[in-house]
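The values are calculated or read from the model by the stated rules, or taken from the named source; none is laboratory data. Keep in mind the model is a prediction, meaning the values are calculated, not measured. Here the Cβ positions follow ideal geometry from the backbone for every residue, glycine too, while neighbour counts run over all protein chains shown. Just the protein is used for accessible areas: all its heavy atoms, side chains included, with ligands, DNA and RNA removed. Shrake-Rupley method; radii C 1.70, N 1.55, O 1.52, S 1.80 Å.
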Amino acid sequence: QTKMLAAKAAGYRLITIWEDRAKDELFSNHLKSLFDVPKKIHARKCNLVHLTNKETRLFLNEHHRDGAVNGGSVHLGLMHEDELISVATFGKNRFKGVGFELFRLATKLGIVVVGGISKLISNFRKLNPNEKLTTYSDAEWGWGDGYLKAGGTLIGLTKPGYFYYDVK
């Protein structure tokens, strides 16, 4: 975390690559997409759709590096020319116990939806106007700038999470 904070302060983006992820195809595609010129689609040209849990899980397993997550109760997507290009899933906050949490947000690789995060979050807020909304951004990839642009506020950094594998 210290290296990431120093890189950010110096104006650099540090990407952490862990050995266990390096062989993962979705990870490789995500990394490659950071260096390709993405296709830009404006959110105003997209239709908001309510998705089923199954539709959401299929999309996230294909386009989010951590895959789908259990517990989502509100599933929203952005359609462009009859193609689902972005998905957000929300549910009761897993860690704080109050309000909702944006569990996962994913966009098809190679596409940037300009204003997509704002459109998905603002429509969630219309459905749940009095609920607090929290989310987390994996600092291994970025700092959640899209959430800040969508009106979010950085409230803190969590300590790095460590995990171990039992290799037999």
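Cβ-Cβ distance of Lys54 and Arg94, R₀ of 25 Å, FRET efficiency by 1/(1 + (r/R0)^6): the value works out to about 0.75.
Here the alpha carbons of the chain define both size measures, Rg and Dmax, at 16.4, 52 Å. Phi-derived couplings, Karplus 6.51 cos²θ - 1.76 cosθ + 1.60 at θ = phi - 60°, listed residue by residue for region 37-51: 7, x, 7, 9, 10, 7, 4, 5, 8, 10, 9, 7, 10, 8, 10 Hz, with x used for Gly and Pro. Averaged over its residues, the chain has an accessible area of 67 Å² per residue, based on protein heavy atoms and a 1.4 Å probe. Legend: distances between Cα atoms for Lys3/Lys45; Lys45/Lys159; Lys8/Lys40; Lys8/Lys32; Lys45/Lys92; pairs beyond 32 Å are Lys3/Lys45; Lys45/Lys159. Here the accessible area is traced with a 1.4 Å probe on the protein chains. For the chain, carbon and sulfur cover 53 percent of it. If only the Cβ of Lys and Arg carry +1 and only the Cβ of Asp and Glu carry -1, the dipole of the chain around its Cα centre is close to 520 debye. Neighbours of Met79, meaning other residues whose beta-carbon lies under 12 angstrom from its beta-carbon, give a summed charge of -1 when Lys and Arg score +1 and Asp and Glu score -1.
Taking 35 Å as R0, compute the FRET efficiency from the Cβ-Cβ separation of Arg44 and Val69 and round it to 0.05. In this case the efficiency is close to 0.80.
What relative contact order, as a whole-number percentage, does the chain give when Cα pairs under 8 Å and 6 or more residues apart are counted? Once divided by the residue count of the chain, the mean separation gives 22 percent.
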